[in-house]
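S.K.: This is the structure, below, for whatever I ask next.
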Amino acid sequence: MTEVVKPDLRPARPYFSSGPCAKPPGWSPEKLATGCLGRSHRSKLGKARLQHCIDLMRETLHLPATHRIGIVPGSDTGAFEMAMWTMLGARPVTTLAWESFGEGWVTDAAKQLKLDPTVVRADYGQLPDLSQIDWSNDVLFTWNGTTSGVRVPDGDWIPEGREGLSFADATSAVFAYDIPWDKIDVATFSWQKVLGGEGGHGVLILGPRAVERLQNHTPAWPLPKVFRLMSKGALAEGVFKGETINTPSMLAVEDAIFALEWAKMHGGLQGLIARSDANAAALDAIVEARDWLGHLAADPASRSKTSVCLTVDGADEALIKKMAALLEAEDAAYDIAGYRDAPPGLRIWCGATVDTADIEALGPWLDWAYAQAKSS
Ligand SMILES: Cc1ncc(COP(=O)(O)O)c(C=O)c1O
């Protein structure tokens, strides 16, 4: 192999982790509003900040008035499991999995809730045949598979007149794609992905049919307090107005508000989508120019524009670890080894908080790290 010289230009912000993701450009802790810290989250001020956060999310996501949105405990996992535990069991369940987080929901449905779900799987890099889904069932899926870099292309495969509910784990999808909310009964995410916010809290979105399910279905299993969305026989509407079930981190809330205000200043949803698209295109150009790099997601139509997963010619886990360590030591790229359960490869976050110039600057560093790792 010819010697590859260490590049001069480093990405200004080498934060390419797929979660928690890069903070918004210009972020610093001093810029967070802290007036509500040390106060009760149920004070007038605390509730107003929580409501402001909810309002900003609704506005940025273009969420229709038909859908509720609330802040819940336990990051995306907490939000998705809250939905599973409160709403499943009313009808048969289908779980779709094409990477490890989808597999996690399969495990929950099969082994914890013992629902004997129909499981539809595809290998890493592929999508299953979405046209075969039986929508008389409740259907659980991951909009963007963060560990395989495969996403659903759109919502066209979700029928309008479905009998079952659609449950979308949309954590690395919201703010990066146009989500057709009329096809969504339940969606969840956390701030730590496209917004570059903090983990800890989940966001739960419920369409009208999900609310109907909550009102008319009593789960056969006990519900811990942090999962309870019904109170005295009625929907706990407070959850969707900033009256959280238990104590939230107001610092994380303020951090999310900062990110949402940054998003608003940068063109809102369309601005965020454009930034993600530009990043993914810049990374794709890097891949196209190198015969030793490839996309794990075979079909461009279902290739993620946030968590882009790359194959590396001849790589095993050790080579990837070496590359990632070399790049980290040079402050050229942090956290770009693929997920531990995925085939060995690289995973580079292209969400809106990453700057395209930094993706562009990464290309020569990948060449350097690959050459170094191969020759050591
Ligand atoms: C698709 C998907 N689902 C769920 C999770 C878990 O998210 P959290 O750690 O916010 O609970 C992740 C985290 O990366 C994810 O990518």
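S.K.: Restricting attention to region 138-163, which residues are open to solvent by 10 Å² or more (accessible area, probe 1.4 Å) and away from the ligand (no atom under 12 Å from the Cβ)?
M.R.: As a first pass, look at region 138-163 and keep what is open to solvent by 10 Å² or more (accessible area, probe 1.4 Å): 151, 153-154, 156-157, 159-163.
The answer is Pro153, Asp154, Asp156, Trp157, Pro159, Glu160, Gly161, Arg162, Glu163.
S.K.: Report whether or not Trp105 is open to solvent by 10 Å² or more (accessible area, probe 1.4 Å), of a type in the set (A, V, I, L, M, F, W, C), under 20 Å from the mean Cα position of the chain (by Cα) and over 19 Å from Tyr177 (Cβ atoms).
M.R.: Numbers: open to solvent by 10 Å² or more (accessible area, probe 1.4 Å): yes; of a type in the set (A, V, I, L, M, F, W, C): yes; under 20 Å from the mean Cα position of the chain (by Cα): yes; over 19 Å from Tyr177 (Cβ atoms): yes.
Taking the combined requirement at face value, the residue satisfies it.
S.K.: Can you tell me which of Ala318, Ala337, Ala325 is out of contact with any Ser or Thr (no Cβ under 8 Å at 6 or more places or on another chain), crowded, with 17+ Cβ neighbours inside 10 Å and without any contact (Cβ under 8 Å) to a residue 40 or more places away in the chain?
M.R.: Unique residue meeting the criteria: Ala337.
S.K.: State all residues of region 207-222 that are hydrophobic (A, V, I, L, M, F, W, C) and surrounded by 14 or more Cβ atoms within 10 Å (Cβ to Cβ); if no residue qualifies, say none. Working first, answer last.
M.R.: First, pick out the residues of region 207-222 that are hydrophobic (A, V, I, L, M, F, W, C): 210-211, 214, 220-221.
Within region 207-222, Ala210, Val211, Leu214 meet the criteria.
S.K.: For the list (1) hydrophobic (A, V, I, L, M, F, W, C); (2) touching a residue at least 60 places away in the same chain (Cβ under 8 Å); (3) closer than 22 Å to Trp349 by Cβ, I need the number of the one condition that Ala170 fails.
M.R.: (2)
S.K.: While we're here: Specify which of the listed residues (Arg303, Arg275) is open to solvent by less than 60 Å² (accessible area, probe 1.4 Å) and within 13 Å of Phe175 (Cα to Cα).
M.R.: Testing whether each residue is open to solvent by less than 60 Å² (accessible area, probe 1.4 Å) and within 13 Å of Phe175 (Cα to Cα) leaves just Arg275.
S.K.: Take Lys225 and decide whether it is surrounded by fewer than 23 Cβ atoms within 10 Å (Cβ to Cβ) and more than 20 Å from the chain's Cα centre (by Cα).
M.R.: Criteria met by Lys225.
S.K.: Another question, if that's okay. Which ones in region 214-234 are in contact (Cβ under 8 Å) with a residue 24 or more places away in the chain and small (Gly, Ala, Ser)?
M.R.: If the condition is that a residue be in contact (Cβ under 8 Å) with a residue 24 or more places away in the chain and small (Gly, Ala, Ser), then Ala220 is the only one that fits.
S.K.: Of the residues in region 172-206, how many are part of a loop (DSSP other than H, G, I, E, B), within 14 Å of the ligand (Cβ to nearest atom) and open to solvent by less than 10 Å² (accessible area, probe 1.4 Å)?
M.R.: 10
S.K.: So, one more: Are any residues in region 279-308 within 16 Å of the ligand (Cβ to nearest atom) and farther than 21 Å from Leu195 by Cβ, and if so, which ones?
M.R.: So in region 279-308, the residues within 16 Å of the ligand (Cβ to nearest atom) come out as 296-297, 302-308.
Of everything in region 279-308, those that are within 16 Å of the ligand (Cβ to nearest atom) and farther than 21 Å from Leu195 by Cβ turn out to be Leu296, Ala297, Ser302, Arg303.
So that you can scan it fast, the table gives a plain yes or no per residue for (1) part of a helix (DSSP H, G or I); (2) open to solvent by 40 Å² or more (accessible area, probe 1.4 Å); (3) within 16 Å of the ligand (Cβ to nearest atom):
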site: Leu37; (1), (2), (3): no, yes, no
site: Ser40; (1), (2), (3): no, yes, no
site: His52; (1), (2), (3): yes, yes, no
site: Asp55; (1), (2), (3): yes, yes, no
site: Ile71; (1), (2), (3): no, no, yes
site: Met82; (1), (2), (3): yes, no, yes
site: Ala90; (1), (2), (3): no, yes, no
site: Phe101; (1), (2), (3): yes, yes, yes
site: Asp116; (1), (2), (3): no, yes, no
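S.K.: Within region 164-171, is there a residue that is touching a Leu at 6+ places or on another chain (Cβ under 6 Å), closer than 22 Å to Trp85 by Cα, open to solvent by less than 10 Å² (accessible area, probe 1.4 Å) and not charged (D, E, K, R)?
M.R.: Step one: filter region 164-171 for residues touching a Leu at 6+ places or on another chain (Cβ under 6 Å), giving 167.
Adding the requirement that they be closer than 22 Å to Trp85 by Cα leaves 167.
Then drop every residue that is not open to solvent by less than 10 Å² (accessible area, probe 1.4 Å), which leaves 167.
Keeping just the survivors that are not charged (D, E, K, R) gives 167.
Yes, some residue in region 164-171 is touching a Leu at 6+ places or on another chain (Cβ under 6 Å), closer than 22 Å to Trp85 by Cα, open to solvent by less than 10 Å² (accessible area, probe 1.4 Å) and not charged (D, E, K, R).
S.K.: Would you point out which residue out of Asp331, Asp367, Asp316 is of a type outside the set (Lys, Arg) and at positive phi?
M.R.: The conditions single out Asp331.
The values are calculated or read from the model by the stated rules, or taken from the named source; none is laboratory data. Small disclaimer: the values here were computed from a predicted structure and weren't measured. Cβ sites come from the backbone with ideal geometry, for glycine too, and all protein chains shown count toward neighbours. Keep in mind that these areas ignore ligands, DNA and RNA; they rest on the heavy atoms of the full protein, side chains included. Shrake-Rupley method; radii C 1.70, N 1.55, O 1.52, S 1.80 Å.
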